[in-house]
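Inspection log for the structure reproduced underneath, given as structure tokens.
The values are calculated or read from the model by the stated rules, or taken from the named source; none is laboratory data. These figures come from a predicted structure and were not determined experimentally. Cβ coordinates were reconstructed from backbone atoms using ideal geometry, including for glycine residues, and neighbour counts include every protein chain displayed. Quick note on the areas: whole protein, heavy atoms, side chains included, nothing else; ligands and nucleic acids left out. Shrake-Rupley method; radii C 1.70, N 1.55, O 1.52, S 1.80 Å.
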Amino acid sequence: MEVRIENSWKEKLADEFLSPYFDTLRKFVHKEYTSGEIVYPRPQQIFSAFDHCPFDKVKVVILGQDPYHGPGQANGLCFSVAPTVTPPPSLKNIFQELSSDCGCGLPVSGDLTPWADQGVLLLNSTLTVRGGQAGSHQGKGWEEFTDAVVRALSEQREHLVFILWGRYAQQKGAQIDRSKHCIVESPHPSPFSAYSGFFGSRPFSRANKYLLEHKLSQINWCL
């Protein structure tokens, strides 16, 4: 598997791409895609989050866990689906909170690419998954890679907003320098936890408030 990723990220993560763990990961992913397994997202979309959001353009980071493992859902951006795909339950809850928080109408599409193009890095911890097998590519090296992504942003950028939904994202975000960045935390938007504090947490307006306080352009969250 050749790594095709936006140039600024290729430079920032050069040491990762040359590391033994990434070589092992690359071989594993290549084998998965070429052995007849159904794997999501499509190979050219594995690094979509980075391709839409160069390193120096990042303003907000939303951390997810796995790509969706249903047919045609995953598009390389966490929580996002292709325009023709019905939004999954967690994304529907995100849109409900978005409407309540920012007064946006409920989007007709679950494609979050417009967020990514404004500087929202929609980063899953694991970037690939077997179809129908949630978590099937965990523990293969992706987590180490995406930890390096979070670390690079924390250390080399200032005044970013990290939106951490749920315990998994919050544990992954423990390395973030809170003296330089804003952390917005709440329960996960999953139907199992959304009513435990996700609804009413106002992550989108809180992110924009912080950006405005630091004289940075805000995100137009309405889709």
remark   = Most packed first (mean Cβ within 10 Å per residue), the peptides 154-164, 58-68, 74-84 order as 58-68, 74-84, 154-164
ask   = Given a 1.4 Å probe and every protein chain left where it sits, what share in percent of the accessible area of the chain is carbon and sulfur?
value = 50
Partners for residue 140 among lysines (Cα-Cα distance below 24 Å; same-chain residues under 8 apart left out) = 10, 12, 27, 31, 172
message = Rounded, prolate or oblate, given the Cα gyration tensor of region 170-223, with a/c below 1.5 counting as rounded?
response = oblate
Under the Karplus curve 6.51 cos²θ - 1.76 cosθ + 1.60, θ = phi - 60°, whole-Hz ³J(HN,Hα) for region 176-192, x wherever Gly or Pro sits = 5, 6, 6, 7, 10, 9, 9, 10, 10, 10, 6, x, 6, x, 3, x, 6
inquiry  = Once each part is reduced to its C-alpha centroid, what is the distance from region 197-215 to region 167-194 in angstrom?
reply    = 13
query = Which value, in debye to the nearest 20, describes the size of the charge dipole of the chain about its Cα centre when Lys and Arg Cβ atoms bear +1, Asp and Glu Cβ atoms bear -1, and nothing else is charged?
reply = 280
task = With θ set to phi - 60°, apply the Karplus curve 6.51 cos²θ - 1.76 cosθ + 1.60 along region 67-75 and write out the HN-Hα couplings as whole Hz, x wherever there is a Gly or Pro.
result = x, 4, 10, x, x, x, 7, 5, 10
note = The set of residues whose placed amide H lies less than 5 Å from the amide H of residue 164, leaving out same-chain residues fewer than 5 positions away, is 184, 185, 186
note = Counting Lys and Arg as +1 and Asp and Glu as -1 over every other residue whose Cβ sits under 15 Å from the Cβ of residue 66, the net charge comes to +2
query = Sorted by packing (mean other beta-carbon atoms within 10 Å per residue), highest first, where do 112-124, 6-18, 139-151 land?
reply = 112-124, 139-151, 6-18
remark   = Interchain or sequence-distant (5+) residues whose placed amide H lies within less than 5 Å of the amide H of residue 64 are 123, 124, 125
message = Quick check: from the Cα gyration tensor, does the chain come out rounded (a/c under 1.5), prolate or oblate?
response = oblate
key: Positive-end residue of 75, 30, 222, charge dipole of the chain with Cβ unit charges   = 222
key: 15 Å beta-carbon shell around residue 35, net charge (K/R +1, D/E -1)   = +3
